[in-house]
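Notes for the one structure printed next.
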Amino acid sequence: MQREFWATRVGFVLAAIGSAIGLGNIWRFGYLVYKNGGGAFLIPYFVALFVAGISLLILEFALGHKFRGSAPQALRAINKKFEWVGWWAVIGGLIITTYYCVIIAWALVYFTKAFTLAWGAETKAYYFGQILQLSDSPWDFGGFAVGVLIATAIVWAINWLIDFRGVRKGIEIANMILMPLLWILAIILVIRALTLPGAIEGIEWYLKPDFSKLADYNIWLSAFGQIFFTLSLGMGIMIAYASYLPEKSDLANNAFIVALANCAFSFLVGFAVFGTLGYMAYTTGSEIGDVVTQSIGLAFVVFPQALNLLPALKVFTAVVFFLALVVAGLSSSISLVEAVVSAMMDRFGIERREAVNIVVGIGFLGSLPYTTKAGLYWLDIVDHFVNYYGLVLVGLLEVIAAAWFFNLGDIRSHINAVSEIKVSSWWDFSVKFAVPAILLILLAFDVYYNLKEPYGGYSIDALIAGFGIILAGMVVSALLSWRGKDVS
Ligand code: PFF
């Protein structure tokens with residue numbers, strides 16, 4: 001089967017940036033900065049970016065490009081025994097997509113509600129009661145939250161449509177539209193925030209450096225974890241995207257562009273988030289510490305509250321904010337889906353259309369539990385296990401395979417033959433020693449914390465079920481690598 005190629009370099013770069021910039025950039029980065037020493041956090045963040053993030057991104061680009069294949073294909077090329085690592089990466093990605101799409105669906109529901117600010121004054125009750133219709137416990141499913149179910153079907157349909165159309169006509173064109181749109185939306189939000197009274201205090205909270213915090217190793221762990229997550233590493237995404245690059249394509253320079261654009265976006269959006277929170281604290285006479293929160297609480301509870309309080313342009317700002325979430329989410333979810341699709345095409349020799357139908361079908365079914373009234377509980381549990389164990393462990397296995405079981409010099413010469421920026425021995429050092437050591441430490445701490453205290457106060461059976469999903473992912477990966485065949 002003829003492999004598709006990106007039509008332009010810009011198309012590839014925008015698609016990779018689209019994958020990297022996601023929900024995490026909007027609701028997690030700013031909070032992490034605020035929580036972990038303000039401006040001082042940028043030090044561990046940039047250290048993490050340069051020591052581990054960019055090296056790993058270059059490695060993933062190189063694996064996809066050199067071996068012309070998705071994660072299972074590329075890891076198989078290193079050694080047949082590693083194919084399952086590649087499968088595990090993309091299956092982990094697929095598990096993430098099942099709930100990531102439901103979060104995009106919530107954003108889509110809120111986007112439609114933004115035109116009338118339908119959430120009213122009690123934003124918390126509205127989100128948990130009206131939208132999620134949250135039940136009392138994880139095992140109390142209570143049927144579907146119908147609005148969320150419909151929105152989830154729409155989100156999957158969009159993913160289907162874009163990936164079905166292929167690399168050039170689907171993913172590339174979508175990102176050529178979505179990325180500029182996303183930056184425009186973000187700039188609008190920043191301008192709106194900075195023109196509000198109290199915004200400057202909010203920004204001060206966001207960036208005021210507290211260097212004493214740098215002595216706390218947790219901050220370093222957070223920085224490395226965030227870099228790994230934000231650059232979409234360890235899920236086979238960047239490997240798949242780079243496999244569609246024509247032969248003479250820059251790798252190192254593109255990796256720098258993608259990584260820096262992603263981090264710049266996070267930094268920029270922090271101004272919108274903290275400016276708005278600063279305004280909210282100012283009008284309600286509260287401390288910033290009382291209004292700031294992260295993740296879904298920020299997007300669906302606190303932000304709607306802040307939007308209610310705006311002196312002008314309420315509806316406009318609300319529409320822009322939720323549209324930005326939807327756009328950021330979609331450009332990431334299509335990349336997560338594509339990582340699996342390209343693996344299926346590579347290893348089972350099936351046509352794109354068939355692969356997309358299968359992956360989207362399974363993905364949509366996998367999303368259904370999160371659209372029930374117990375959905376949020378499961379989302380939280382699965383997110384915890386996949387993110388903490390799945391990704392870091394897969395990333396670790398991936399670098400070990402490439403750096404220790406393959407001639408790294410070969411990969412480096414491949415990169416240097418096509419790249420404007422030449423990578424030197426620092427890269428070897430980073431991939432061979434620094435990255436594995438850091439990932440190992442991250443993993444050890446995660447295991448330690450989890451053993452010390454069961455996550456989130458959930459009952460043990462719910463946590464076992466969460467862990468079971470990871471195990472099931474591993475078994476499926478092993479089966480897939482056993483069933484795969486050489487097709488090219
Ligand atoms: N990098 C994107 C984000 O930060 O939202 C996409 C993504 C990465 C989504 C990793 C999910 C994930 F687990």
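The values are calculated or read from the model by the stated rules, or taken from the named source; none is laboratory data. Since the model is a prediction, treat every value here as computed from it, not as a measurement. Ideal geometry is used to build each Cβ from the backbone, glycine not excepted, and the neighbour counts take in all protein chains shown.
Data for the structure
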item	result
Check on LEU49, within 16 Å of the ligand (Cβ to nearest atom), more than 13 Å from the chain's Cα centre (by Cα) and buried (at least 21 other Cβ atoms within 10 Å of the Cβ)	yes
Subset of region 11-23 [near the ligand (Cβ under 7 Å from one of its atoms) and surrounded by fewer than 24 Cβ atoms within 10 Å (Cβ to Cβ)]	LEU23
Residue match in region 41-54 (condition: part of a helix (DSSP H, G or I) and touching a His at 6+ places or on another chain (Cβ under 7 Å))	no
The lone exception for THR97 - which of (1) touching a Pro at 6+ places or on another chain (Cβ under 8 Å); (2) closer than 30 Å to VAL319 by Cβ it fails	(1)
Verdict on ALA272 being of a type outside the set (Val, Ile, Thr), modelled with pLDDT of 95 or more and within 15 Å of GLY202 (Cβ to Cβ)	yes
Where a residue in region 129-146 is surrounded by fewer than 13 Cβ atoms within 10 Å (Cβ to Cβ) and its partner, wherever it lies, is at pLDDT 95 or above and assigned to a helix (DSSP H, G or I), with Cβ under 7 Å and at least six apart	none
Selection count, region 248-297, where residues are away from the ligand (no atom under 16 Å from the Cβ) and under 30 Å from ALA7 (Cβ atoms)	8
Residue that is nearest to the ligand (Cβ to nearest atom) [pool: residues in region 66-75 that are buried (at least 24 other Cβ atoms within 10 Å of the Cβ) and assigned to a helix (DSSP H, G or I)]	ALA71
Pairs with Cβ under 8 Å, 6+ apart, first in region 13-27 and of a type in the set (A, V, I, L, M), second more than 9 Å from the ligand (Cβ to nearest atom) and not in a helix (DSSP H, G or I)	ALA15/TRP6
Of all residues in region 76-90 being hydrophobic (A, V, I, L, M, F, W, C) and either surrounded by fewer than 24 Cβ atoms within 10 Å (Cβ to Cβ) or more than 13 Å from the ligand (Cβ to nearest atom) (or both), the one that is nearest to the chain's Cα centre (by Cα)	TRP88
Qualifying residues in region 385-414 (those that are hydrophobic (A, V, I, L, M, F, W, C), in contact with a Phe, Trp or Tyr (Cβ under 8 Å, 6 or more places away or on another chain) and assigned to a helix (DSSP H, G or I)) - the one farthest from the ligand (Cβ to nearest atom)	ALA401
Of the criteria (1) surrounded by 24 or more Cβ atoms within 10 Å (Cβ to Cβ); (2) within 16 Å of the ligand (Cβ to nearest atom); (3) within 30 Å of ILE288 (Cα to Cα), which one ALA193 fails	(2)
First in region 224-242 and under 10 Å from VAL392 (Cα atoms) and modelled with pLDDT under 95, second anywhere and more than 8 Å from the ligand (Cβ to nearest atom) and outside any helix (DSSP H, G or I), Cβ under 8 Å, 6 or more apart	PHE228/GLY234
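Conditions tested, residue by residue: (1) within 16 Å of the ligand (Cβ to nearest atom); (2) surrounded by fewer than 24 Cβ atoms within 10 Å (Cβ to Cβ); (3) farther than 30 Å from ALA434 by Cα.
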| position | (1), (2), (3) |
| --- | --- |
| ILE54 | yes, yes, no |
| CYS101 | yes, no, yes |
| ALA107 | yes, no, yes |
| THR116 | no, yes, yes |
| GLY120 | no, yes, yes |
| TRP160 | no, yes, yes |
| ASP163 | yes, no, yes |
